[in-house]
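Here is the structure we will look at.
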Amino acid sequence: KPAPSKTPLVWADGRQALCETLPYYRAYQSGGYCTDGLARAFMFDSNSHPRDYMDQNVVVSRAGGGKSKDETSGQMVMAGDQKQTTQVLDVLNNIAQCNPVVIIVGENNPTCPSQPPHAYCVMDWFKPTHVWFEKTKGHKMIRYRFEKLRPYENCWWVPSNWPEPIGLGDLEPPVSKQCNACSKDSLQVYINGWMCLQPTCLRFWKLADGSEPREEDLLYDPRFLTANTPWPHCSEPSPIRPELLTISTLPIQGQNLSFEAWKGFACPQCGRCNSREAWEGWECGSDGCGFTYRLEHTLVPATSLRDPYFPLGTGYAFSRDLIGKGSPVKLRVEFAHNYRINYFGIAGIDGFIAHLIANKTVNEEPNGPNDMFEDLQLNSIKLRRSPLPTAQLKGQSLTNHFVVNYGMPYKFIAGPQSHPFEHAARAIKTTRSRLNWAGRLVAPDMPHAFNEVLALGYFEDQTISYHDDGEFGLGPTIATLSLGCTAKMKVRMKANHYHGVSKGGNYDRAQPIAGCQNYEARKAAHDALMALKAADLAAYKAKLKALPKELGLTATGTARDALEMKLGHGDVVIMHGTGIQEYYEHRVEPMGKLRFALTCRYIDPDSLKPADRPAYAVLPDEEGYDGGLL
Ligand SMILES: [Zn+2]
Ligand SMILES: [Zn+2]
């Protein structure tokens, strides 16, 4: 394919960067992005139809939906007639309201007249002009025609030697005829002859002699392709290259921490869409570009974290944790060192979750939570969103939250950069010392002092969905200090243990525990299964296969939350025991604009591959925090 004549104004190397940057295209999976009954943008990549068409002013494509994966070829094929999907109704809404859509072309698009220079390149604003039915391989299919909102301008995708086009409206208008059978009008799309395009009509997709056209013979009617569809306006609703986020020059708390502030940006120098990777600001990832952009941070003082309905005093704090209905979680409460300590035991699990709820005295301690929260805003701790290794999307994918590691490297999923403790911000060192003290307070049998701090930073709406914290080589105790806005932490049983069967239909061999579905029957079956395993391996294997059906196990739905904790500023959560991570998972939803979570673990250095071991010494905790002031 020839090279394009110009460079696109905005483009991306990866899907996440594209979707985080463009307000009009947030579709991570599908080729069309529609919201609230209106179409916003379409992406046309490899998944095209042979009759799709693209020139400088006009794009013709099939509508999205109605395809499924062919078992033998693995290709997406039409499994039946395409229906009037909501996407089609949305496009019709756009036509009625004169709303243009943006079209994006993927690098594997076969109909683009040139080779797009990047994985995803934004073409321009287009008017959707026609929606009609055709037939392909015996199935009904819906097609769209789009016309450039401002023809001839910035058609970067046209090669430089592209022949002079027939102008829009230069030919006669397309032929429109009324069908004898259904009395409805249809346009002539192909020069092979006029056909009724009403999908329910007897004469649908039939030429004058009553035969269906051979698909490989079909040729577009130039009068249809070059039709000029006037709209009362041809102005862009917004620039296709989004402008940089700007904020008030007044020092307003939180304006640089909003949901939109951790979205991506389109580089004003080179047009690349970039996710926001660094806590401090945006960086363009183009080779040799080097553009960076920052917003002024206004300190969020710890005093502003007050909840007007739950003011903190010097007495033990009010607990707002909730145990789910029918949950296997049992509560025991203790009060010590100004913390209210909620111990949550879980039936069948050796271990507990302790929630240490801070009061005013805890938070105001010198170098305590209030000071740490401000220290983390004034001193960079090098937080970055971390690359996800098993990306399902094209290009680089990043975690939602910003993260950094200190001490022994954390080498698990989305493991971030690691730094030594020596030069770390004061809050990092103080955290380790404070959590060592808290860990020994609630779990005196904790075998090792913590040698690692994983710091997470959250902007507005940076939820971390359900996951567990159990990894090979980690100690049984994980302690987290919360700083900043309150977050909800929800805990539930993992689906495979809850149902006793995987989505793929495999029996869950783990010991069933209280709170799971069909507990009594599964427990009895499990004991019998273990006896069989010792006695007769062949019979055991047969039983494994038969059990899901025998017990009537299904993998639909998820377990309800067994526990919901409200993690306030200064609170500590300690999860003790490996069983919790094995059977349960948790989710964190910040309820404000700025939050830090500082998690301490013990990472066994011998569990790290030689290449993963740190080049620096991981020094022991020398701060010696002892809770003496509490
Ligand atoms: Zn008809
Ligand atoms: Zn750039």
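No value in this document is a laboratory result; all are computed from the given coordinates. As the structure is a prediction and not an experimental result, all values here were calculated from the model. Don't worry about glycine lacking a Cβ; one is built from the backbone with ideal geometry, like all the others, and counts go over all protein chains shown.
Grab the DSSP H runs of the chain that are 4 residues or longer, score each as -39,500 (n - 2.57), total them, divide by all residues and round the 222 nm result to the nearest 500 deg cm²/dmol.
On the way: 10 runs with 97 residues, N = 630.
Rounded to the nearest 500, it is -4500 deg cm²/dmol.
What FRET efficiency comes out for residue 278 versus residue 554 if R0 is 51 angstrom and r is the Cβ-Cβ distance? Round to the nearest 0.05.
Details: r = 45 Å, r/R0 = 0.88.
It comes to 0.70.
Relative to the longest principal axis of the Cα atoms of the chain, the long axis of helix 426-442 lies at roughly 60 degrees. How many angstrom separate the Cα center of the stretch 166-212 from the Cα center of the stretch 585-627? When both Cα centres are located, 68 Å separates them.
Here's how it looks for residue 256: its modeled amide H is under 5 Å from those of 298, which are all 5 or more places away or on a different chain. Compute the helix-to-body angle for 369-378: its Cα long axis versus the longest principal axis of the chain, expressed 0 to 90° and rounded to tens. Approximately 40 degrees, to the nearest 10. Consider a paramagnetic label point 7 Å from the Cα of residue 236 along Cα→Cβ; state which residues of the stretch 82-118 have an amide N under 12 Å from it. Of the residues in the stretch 82-118, 102-103 have backbone N under 12 Å from the label point off residue 236.
Taking amide H positions as modeled 1.01 Å from N, with prolines and chain starts lacking one, the residues under 5 Å from residue 340 and 5 or more places away or on another chain are 317, 357.
On alpha-carbon atoms, Rg over Rh for the stretch 76-139 using Kirkwood Rh? Show your work: numbers first, answer last.
Details: Rg = 14.6 Å, Rh = 14.2 Å.
We get a ratio of 1.03 for the stretch 76-139.
Specify the inter-centroid distance of the stretch 105-161 and the stretch 416-447, based on alpha-carbon positions, in whole Å. Value for the Cα centre distance between the two parts: 56 Å.
Based on the Stokes-Einstein relation at 25 °C and a viscosity of 0.890 mPa s, and on the Kirkwood radius from alpha carbon pairs, the stretch 495-550 is assigned a translational diffusion coefficient of 216 µm²/s. Close amide H partners of residue 141, meaning residues 5 or more places away or on another chain with modelled amide H under 5 Å apart, are 82, 134, 135, 136.
Hey, if you drop one equal point scatterer on each alpha-carbon of the stretch 383-449 and run the Debye formula without solvent, what base-10 log of I(q)/I(0) do you get at q = 0.12, 0.15, 0.28, 0.29 Å⁻¹? Log-scaled intensity ratios, in q order: -0.45, -0.64, -1.16, -1.19.
Using the Cβ-Cβ distance between residue 38 and residue 139 with R0 set to 25 Å, the FRET efficiency from 1/(1 + (r/R0)^6) comes to roughly 0.40.
Checking every one of the chymotrypsin sites (Phe, Trp or Tyr not before Pro) in the stretch 548-630 against DSSP loop status and a limit of 16 other Cβ atoms within 10 Å picks out 616. For the stretch 182-272, the Kirkwood radius over C-alpha pairs fed into Stokes-Einstein at 4 °C and 1.567 mPa s yields D = 69 µm² per second. Computed from label points 7 Å out along Cα-Cβ, the spacing between residue 524 and residue 539 is 1.8 nm. For the residue pairs 411/533; 382/411; 382/488; 382/593, the C-alpha atoms sit more than 29 angstrom apart in 411/533.
Over every pair of different alpha-carbon atoms in the chain, take the mean of 1/r and invert it; report that Kirkwood radius in Å. About 28.8 Å for the chain. Computed from backbone phi, the HN-Hα couplings of the stretch 470-485 come to x, 9, 4, x, 9, x, x, 10, 10, 10, 10, 9, 9, 10, x, 5 Hz, rounded to whole numbers (Karplus: 6.51 cos²θ - 1.76 cosθ + 1.60, θ = phi - 60°; Gly and Pro given as x).
Report relative contact order for the chain in percent, whole number only (criteria: Cα-Cα under 8 Å, sequence separation at least 6). Write out the running numbers ahead of the final one.
Working: 1352 pairs, mean separation 83.9, N = 630.
This gives 13 percent for the chain.
Here the 3J(HN,Hα) profile of the stretch 201-213, calculated from phi with Karplus coefficients 6.51, -1.76 and 1.60 at θ = phi - 60°, is 7, 5, 8, 4, 6, 10, 6, 4, 7, x, 8, 7, x Hz, Gly and Pro shown as x. Modelled this way, with points 7 Å down the Cα-to-C-beta line, the labels at residue 175 and residue 28 are 4.9 nm from one another. Residue separation of residue 330 and residue 611 scaled by 0.36 nm, minus their Cα-Cα distance, works out to 96.8 nm of gained length. Dividing the convex hull volume of the alpha-carbon atoms in the stretch 171-225 by its residue count gives 76 Å³ per residue. Against the longest principal axis of the chain, how steep is helix 86-97, in degrees 0 to 90 to the nearest 10, with axes from Cα atoms? Between the helix axis and the principal axis of the chain, the angle is about 60 degrees. Between the listed residues 89, 475, 346, the Cα displaced farthest toward the positive end of the dipole of the chain, a dipole computed from Cβ unit charges relative to the Cα centre, is found at 89. The label point for residue 307 and the one for residue 162, both projected 7 Å from the Cα toward the Cβ, are 5.8 nm apart.
Set the Förster distance to 60 Å, then compute FRET efficiency between residue 6 and residue 320 from the Cβ-Cβ distance, nearest 0.05. Mind dumping the intermediate values first?
Numbers: r = 58 Å, r/R0 = 0.96.
Rounded to the nearest 0.05, the efficiency is 0.55.
What is the gain in length, in nm to one decimal, between residue 440 and residue 465 on full extension, counting 0.36 nm per residue of separation less the C-alpha to C-alpha distance? Numbers along the way, then the final one.
Numbers: separation 25, 0.36 × 25 = 9.00 nm, distance 2.88 nm.
Going from the current span to full extension adds 6.1 nm.
Once you reduce the stretch 233-305 and the stretch 364-389 to the center of their Cα atoms, the two points are 21 Å from each other.
About its Cα centre, the stretch 464-542 has a charge dipole of approximately 240 debye under the convention of +1 per Lys or Arg Cβ and -1 per Asp or Glu Cβ, with nothing else charged.
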